[in-house]
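Each remark here refers to the structure printed beneath this line.
Values quoted throughout were computed directly from the atomic coordinates according to the rules given, and no laboratory measurement underlies them. Owing to the predicted nature of the structure, the values given are computational and were not obtained by experimental measurement. Note that we place each Cβ from the backbone using ideal geometry, even for glycine, and neighbour counts take in every protein chain shown.
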Ligand SMILES: [Ca+2]
């Protein structure tokens with residue numbers, strides 16, 4: 001019996017060892033690698049053909065004349081979006097994505113059909129320039145993808161075209177000077193058939209100088225991020241840019257950078273909180289309690305010389321002297337008890353500014369100024385957390401104990417000296 005159990009234990013050990021080894025080997029095999037174009041392969045397509053799922057393909061600056069098909073879940077990263085150029089050579093598509101979980105970041109795509117995403121989900125297209133094509137970006141039967149911070153400009157037919165594509169996020173894109181911009185319908189030769197592209201979330205985009213900004217057809221989408229985060233900037237065409245009121249119902253006196261009336265989307269919902277000024281964020285961080293918190297500054301002035309120290313954010317705001325300027329700062333909610341704003345050392349006190357609003361995740365701090373060279377400072381007062389309070393009480397207790405001990409010791413010595421003398 002004893003021998004048997006020893007043998008069984010040995011066998012189990014061996015099996016576990018083998019499994020561990022196999023799993024280890026499997027892990028090594030599954031590790032993603034980075035392939036560099038043109039160092040490893042001369043073309044982007046050859047790199048993709050030789051890549052495994054999960055790999056990253058890093059493309060150095062240069063002009064690549066290709067029609068790229070991405071049929072694996074990979075990350076395609078360009079060195080610099082202004083200098084890593086894929087030219088579709090007036091044929092087919094510059095890039096066609098035919099699978100899910102793809103990342104495309106940092107390219108200029110031009111001279112063809114820009115980017116077609118077909119039957120994909122969890123794909124992210126960000127920080128690209130998609131210019132001078134017929135279609136900019138076409139999402140076809142693709143849901144739960146993200147289009148973020150792309151410049152989509154000068155495309156002759158559409159900037160972005162969503163066909164039968166739902167639940168996508170379209171945020172922070174500059175969509176300008178395209179033929180038609182957002183068209184959500186199915187168009188076939190036997191007439192016009194309408195299909196829904198709904199529940200897409202579209203905000204903080206700039207729509208400027210397009211022949212028609214939006215054409216939603218039987219689609220129901222979300223065109224803003226609620227108040228005070230806001231919707232999109234709609235250029236000047238058909239846009240009522242009066243801003244005399246603030247608040248979720250835009251009925252409280254005082255401006256807030258959000259148009260007082262919604263912007264109607266043709267045959268779709270409306271942008272409830274259209275932005276008065278273009279969305280042009282500057283990102284930085286503020287350190288609070290040893291952690292970094294991302295801060296977004298949106299302004300029509302130039303934001304310069306950003307300095308962040310503990311609980312404080314400082315920068316210079318400058319531009320054409322005398323014009324009306326605004327600074328909109330978005331800061332994550334981290335139990336901040338007070339936010340103070342100073343312009344050239346003077347504290348701003350409402351009314352009207354700073355106008356401080358919040359949603360579930362962020363504070364929105366908005367104020368206007370007469371443009372000149374100004375030093376702006378934000379001070380954030382964090383709430384002391386429990387641990388800090390415990391530490392404070394402990395420190396005070398120890399101090400008190402030391403004081404008592406010293407007092408007793410001094411008293412004793414004094415008495416002893418009195419007895420001796
Ligand atoms: Ca307003």
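Key figures for this structure:
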| quantity | calculated |
| --- | --- |
| Span per principal axis, largest first, for the Cα atoms of segment 32-222 (Å) | 47, 35, 29 |
| Residues in segment 144-169 that a label on residue 283 would reach, taking backbone N under 13 Å of a point 7 Å out along Cα→Cβ | 148-150 |
| Estimated Rh, segment 281-382: Kirkwood, alpha-carbon pairs, angstrom | 13.6 |
| Mean separation of Cα contacts under 8 Å (6+ apart) over length of segment 316-395, as relative contact order % | 45 |
| Cα-Cα P(r), segment 98-171, percent of pairs per 5 Å interval | 5, 18, 31, 27, 17, 2 |
| Contour excess over end-to-end distance, with Cα ends at residue 100 and residue 323 and 0.36 nm allotted per residue | 75.5 nm |
| Cα principal axis extents for segment 333-403, largest first, Å | 57, 30, 19 |
| Highest average packing first - 359-372, 139-152, Cβ atoms within 10 Å | 139-152, 359-372 |
| Diffusion coefficient, µm² s⁻¹, Stokes-Einstein with Kirkwood Rh over alpha-carbon pairs of segment 251-291 at 4 °C and 1.567 mPa s | 96 |
